[in-house]
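The values are calculated or read from the model by the stated rules, or taken from the named source; none is laboratory data. Quantities reported herein were computed from a predicted structural model and do not represent experimental measurements. FYI the Cβ positions are ideal-geometry reconstructions off the backbone, even for glycines, and counts take in every protein chain you see. Please note that ligands, DNA and RNA were not included when accessible areas were found on the heavy atoms of the full protein model with its side chains. Shrake-Rupley method; radii C 1.70, N 1.55, O 1.52, S 1.80 Å.
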Amino acid sequence: MKHIIFDFDGTLADSTAVFASAWNTLAQKYKFKGIELKEIDTLKKLSISERSKLFDFPMYKLPMILPQFYKLYRQSLNDVHLFDGMKEVLMEIDRRGYKILIISSNSKDNILEFLKMNGIHCVADVLCSNRIFSKDKVMKKFLKESNVNSSEVLYIGDEQRDIVACKKAGVPIIWVEWGYDAIEVVQNEEPEYKVATPQEILEIIS
């Protein structure tokens, strides 16, 4: 194992409130259903397709919405926070000599600014997909261009789509339970590892 790749939102960053606020701004503009924070735990038990039906939001509109969404996200970056313990996990992984990357469907500018604001300097690269279901393509491109075997990489993420992308790329994944998808959504995808706390990530890497 040489490379540890993290998802961003829901894995490193607690951005639930900012996501909801950005979504509600666009929901008002484009006339689809908004989110109430009290609904979050219920939403975590739904797949992305089930959520799109609930919010009366057709998935084909995502390419139009995402640039606006992440622009609103950037305006509230001060309200995005690292999950407790994740900075220490990143520092320890770096101390052990692994190369740390982030692969996300958020914007690179948002992530780099967040890392800077939080004093995180151990992330070697941030790779972003402009489509939420294209992380496998980003992973495969990284493996090819870096001449890295998939067995030398470990991905850490929180959503069903992260697991699906890793399966396509042949990369093992640690699923974290504190993110956007509940166990009910991801269990059928059979992630290689499941963790309940950031410290367990270090135990698995060991």
Against the longest principal axis of the chain, how steep is helix 86-95, in degrees 0 to 90 to the nearest 10, with axes from Cα atoms?
30 degrees
Expressed as a rounded percentage, what relative contact order does the range 101-140 have, with Cα pairs under 8 Å and six or more residues apart?
55 percent
Per residue accessible area in Å² of the range 1-43, where ligands, DNA and RNA are left out and the probe is 1.4 Å
48 Å²
Would you mind working out the accessible area per residue for the range 149-192, using a 1.4 Å probe, and quoting it in Å²?
37 Å²
Per the Kirkwood formula over distinct C-alpha pairs, the hydrodynamic radius of the range 35-133 in angstrom is 15.7 Å
In degrees from 0 to 90, rounded to the nearest 10, what is the angle of the helix 135-146 Cα long axis to the longest principal axis of the chain?
30 degrees
Would you give the gap between the C-alpha center of the range 29-73 and the C-alpha center of the range 104-139, rounded to a whole Å?
21 Å
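Mean residue ellipticity at 222 nm from the helices of the chain, using -39,500 (n - 2.57) per DSSP H segment of n ≥ 4 over the full residue count, to the nearest 500 deg cm²/dmol? Could the numbers behind the result be given before it?
Working: 10 runs with 94 residues, N = 206.
Calculated from helices alone, the mean residue ellipticity at 222 nm is -13000 deg cm²/dmol.
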Which of Pro67, Pro172, Pro191 moves most in a GNM of the chain, Cα contacts under 10 Å?
Pro67
Given an 8 Å cut-off on Cα distances and at least 6 residues of separation, report the relative contact order of the chain as a percent.
27 percent
Over the Cα atoms of the range 1-69, each weighted equally, I'd like the Debye log10 I(q)/I(0) at q = 0.24 Å⁻¹, rounded to two decimals.
-1.26
Expressed as a whole percentage, what fraction of the accessible surface of the range 1-134 belongs to carbon and sulfur atoms when a 1.4 Å probe is rolled over the protein heavy atoms?
52 percent
FRET efficiency estimate (nearest 0.05) - Cβ-Cβ, Ile183 to Lys108, R0 30 angstrom:
0.50
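Just order 153-159, 24-30, 76-82, 55-61 by mean Cβ neighbour count inside 10 Å, highest at the front, would you?
Values: 153-159: 26.0, 24-30: 14.1, 76-82: 15.7, 55-61: 12.4.
Packing order, densest peptide first, comes out as 153-159, 76-82, 24-30, 55-61.
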In degrees from 0 to 90, rounded to the nearest 10, what is the angle of the helix 160-169 Cα long axis to the longest principal axis of the chain?
40 degrees
Over 28 Å between C-alpha atoms is what I'm after, so list which of Lys53/Lys87; Lys44/Lys167; Lys45/Lys137; Lys38/Lys71; Lys87/Lys135 land there.
Lys53/Lys87
